[in-house]
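Participant: Below is a structure I'd like to ask you about.
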Amino acid sequence: MGYGINSDDLYVKPDSDVVMDLVDIEGHPVANQLDTVFNRIENLNMDWSRFLDEDGNQLQTVGHHFSGSRPLNKEELSKLDRRGVCISCHKIIPEGDLVSDLLSHVAKYAKVEIDNNEYQSILNKSIIISTWVQILVPSLLLLFAGLWWRRRKKK
């Protein structure tokens, strides 16, 4: 989305050499001869993959050699950004909610392995059922209220 690697939470700054080797308790390499895994880039003290800040301000030039190339705008980012959406369901799964707890137990004792395809199928069914319930219940309530009002008006 242009916010950089892990939203600018770099593990190692790009202007530092990265050495992967055994280290002592203070973090100093133990070996006498070291090879860097990633060599530092002088004066690069920011995440090079970060094009935008959280307010949508452009931080660096991107794609200047391609016509029409640019960072995503706020409308495009809002359509793309789904960070945190998983927690809406997973804050109660598998404990804390009777239905999801029951589904989890049924899958466990029926020895149903829930792989990625099965998970997507369950999620798809849940969304479809939820959508229909959210549409049908208010519609039926309005219908019954209308019929009740009509019947009462006739008396």
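A short reminder: the numbers here are calculations on the coordinates, not readings from a lab. Since the structure is predicted, the reported quantities are computational estimates derived from the model, not experimental observations. Using ideal geometry, Cβ is built from the backbone for each residue, glycine included, and neighbour counts are taken over all protein chains shown.
Participant: Take the alpha-carbon positions of the range 115-155, form their convex hull, and give its projected area averaged over all directions (one quarter of the hull surface) in nm².
Facilitator: Computing the convex hull of the Cα atoms and averaging its projections yields 2.5 nm².
Participant: Next question, about the same structure. When the chain is fully extended, how far beyond the present Cα-Cα distance does THR131 get from ARG70, taking 0.36 nm per residue of separation? Intermediate results must be reported in sequence, preceding the final value.
Facilitator: Values: separation 61, 0.36 × 61 = 21.96 nm, distance 3.60 nm.
In short, 18.4 nm is gained.
Participant: Taking only Cα atoms and a 10 Å spring cutoff, compute GNM fluctuations for the chain and point out the largest among LEU136, LEU72, LEU52.
Facilitator: In the Gaussian network model the winner is LEU136.
Participant: Normalising by the residue count of the range 1-83, find the relative contact order in percent from Cα pairs under 8 Å and 6+ residues apart.
Facilitator: Numbers: 96 pairs, mean separation 27.5, N = 83.
In percent, rounded to a whole number, it is 33.
Participant: If the chain were replaced by its equivalent ellipsoid, with semi-axes equal to the square roots of 5 times the Cα gyration tensor eigenvalues, what would those be, largest first, whole Å?
Facilitator: Details: eigenvalues 551, 159, 35 Å².
After scaling each eigenvalue by five and taking roots: 52, 28, 13 Å.
Participant: Using a basic spin-label model with each label point 7 Å from the Cα along Cα→Cβ, how many nm lie between LYS91 and GLN33?
Facilitator: Result for the modelled spin labels: 5.6 nm.
Participant: To continue, here is another question. Determine the equivalent ellipsoid of the range 1-83 by diagonalising the alpha-carbon gyration tensor, then write out the semi-axes as square roots of 5 times the eigenvalues, largest first, rounded to whole Å. Write down the numbers at each step before the final one.
Facilitator: On the way: eigenvalues 242, 46, 18 Å².
The three semi-axes for the range 1-83 are 35, 15, 9 Å.
Participant: Using the charge dipole of the chain (Lys, Arg: +1 at Cβ; Asp, Glu: -1 at Cβ; taken about the Cα centre), state which of PRO29, LEU141, GLY4 has its Cα farthest towards the positive end.
Facilitator: Positive-end residue among those listed: LEU141.
Participant: Round to a whole angstrom and tell me the spacing of the C-alpha centers of the range 19-49 and the range 66-125.
Facilitator: Taking the Cα centre of the range 66-125 as reference, the centre of the range 19-49 is 37 Å away.
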